[in-house]
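Take a look at the structure below.
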Amino acid sequence: MRIGELAERTGVSTRSIRYYEQNGLLSSRRGPNGYREYTEEDVRLVSEIRALLSVGFTLADTRPFVDCLRRGHSTGGSCAESVEVYERKLTEIDEEIRILLARRAEVAAQLAQSCPGCFVRG
């Protein structure tokens, strides 16, 4: 399939597909006419990349997942390297939550001080 069909099937732009290729996450073959050609495996890879990016992973974070799929695993998250990325990301999210909760407590305290009768949702 050509790049436009891959883009349509995966819901990403052709520009994104080229970007994934530039970063070594995809590799197209060239047809006799010089056009990029992709396979069903590329649909899987782009879908995996897209799903990970949509929940906050970076493009670099997706590499172990893509490599895992390329090695024939049924899911990109089933390899040890992918699990490490999941664990690191959860640690980062937990830290972000901790920071947000501390920030929320500070804002609530400022509101309570500025407006003693105001209700602070909790």
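Read-outs throughout are calculated quantities, based only on the coordinates presented, and are distinct from any laboratory measurement. For clarity, every value in this text was computed on a predicted model and none was experimentally measured. Reconstructed Cβ throughout: ideal geometry from the backbone, glycine too, with neighbour counts over all protein chains shown.
Worth pointing out:
- Most mobile of ARG44, ARG98, ARG36 in a GNM of the chain (Cα contacts under 10 Å): ARG98
- For the residues ASP61, ASP94, ASP42, a GNM of the chain with alpha-carbon springs under 10 Å puts the largest fluctuation on ASP94.
- In this structure the amide hydrogen of SER78, modeled in the peptide plane, comes within under 5 Å of no amide hydrogen from residues 5 or more places off or on another chain.
- Compared with the direct C-alpha span, the chain from ILE97 to SER74 gains 5.1 nm at full extension, assuming 0.36 nm per residue.
- Shape analysis of the chain yields a ratio of the Cα radius of gyration to the Kirkwood radius, Rg/Rh, of 1.24.
- By the helix-only formula, in which each DSSP H run with n ≥ 4 contributes -39500 (n - 2.57) and the sum is divided by residues, the chain has a 222 nm mean residue ellipticity of -21500 deg cm²/dmol.
- Net charge dipole size for the chain [Lys, Arg +1 and Asp, Glu -1 on Cβ; Debye, nearest 20]: 340 debye
- Phi angles of the range 3-8 translate, via the Karplus equation with coefficients 6.51, -1.76, 1.60 and θ = phi - 60°, into HN-Hα couplings of 4, x, 5, 4, 4, 5 Hz per residue; Gly and Pro are given as x.
- Cα lying deepest toward the dipole's positive end in the chain, options THR91, TYR20, CYS79, charges on Cβ: TYR20
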